[in-house]
1. When you go through 186, 179 one by one, which is the residue that is of a type outside the set (D, E, K, R) and within 59 Å of the chain's Cα centre (by Cα)?
2. Quick check on my filter: what residues within segment 150-171 are part of a loop (DSSP other than H, G, I, E, B) and more than 21 Å from residue 211 (Cβ to Cβ)?
3. On the given criteria, is residue 198 of a type in the set (A, V, I, L, M) and over 17 Å from residue 117 (Cα atoms)?
4. Given the structure, is residue 186 in contact (Cβ under 8 Å) with a residue 60 or more places away in the chain, open to solvent by less than 50 Å² (accessible area, probe 1.4 Å) and in a loop (DSSP other than H, G, I, E, B)?
5. As an exercise: evaluate residue 149 against (1) at pLDDT below 95; (2) out of contact with any Lys or Arg (no Cβ under 7 Å at 6 or more places or on another chain) and give the number of the one condition it does not meet.
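The values are calculated or read from the model by the stated rules, or taken from the named source; none is laboratory data. Bear in mind the structure is a predicted one, so any value in this text is a computation, not a measurement. Virtual Cβ from ideal backbone geometry, glycine too; neighbours counted across all protein chains shown. Heavy atoms of the whole protein, side chains included, go into the accessibility calculation; ligands, DNA and RNA do not. Shrake-Rupley method; radii C 1.70, N 1.55, O 1.52, S 1.80 Å.
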Amino acid sequence: MSSGRRSLADHPVIVIITVVAAVVGLIVGVKELKGTDSAPPSAAAPTATDTDTTLRTPAATQVAPTQEEDMPTQDEEPEASEPAREPVTQPVEEEPSRAAVVQSPGHTAPLVVRIKLGSSGKTGPDSYRVGSRPGANTEVYDDTGRLDRGCYVQWTLSRGSEVVRRVTSGRCRPPSITLFNFEDSLDEPGSYTLKADVTTDWRQTGTESVTFNVVPG
């Protein structure tokens, strides 16, 4: 026994190595025991690396909202929109033609013509004595009233089918004299027709005639 103790004392390095090896073995055993009790890798909390990656994602990589999600399309009608109103257009006034400017505002209606025979030598409602000089005038009307100037009468006196007298008057209303004078046209008995064809400066026309008898007196 004394020989064995002496040998260890003589070699202190061996003793130190033996102690260190024992301590290291103890530490490794403790670590292995702790490793068996730790949670499985799937349940581990997210590492700092994952968290940093999520937080450091650049804003430019984010997907921009599409038009269909954030903006109404052309086919969609806005809510509570007012009904469309048709544009109001002002009537366009056409420039009157030159002929319309020259023409008077009136004088457009058809003419109304009447023949007025005088009463000299009258012997009945429609008869006169031979040789009578009754005379005749006209009354001519349009939409402006009775016409005087700018109105012309073509007189035609016929006995049967024979034209006895033809005269033109430069007016339709008598000034101070008779427009149509018979003179000696009624010196023979028979059935007479007096016709008045009227025209105006406004291109109006009208016709009237009257028939009467001339009887011996």
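1. 179
2. 170, 171
3. no
4. When the stated conditions are applied, residue 186 passes them.
5. That leaves (2) as the condition not met.
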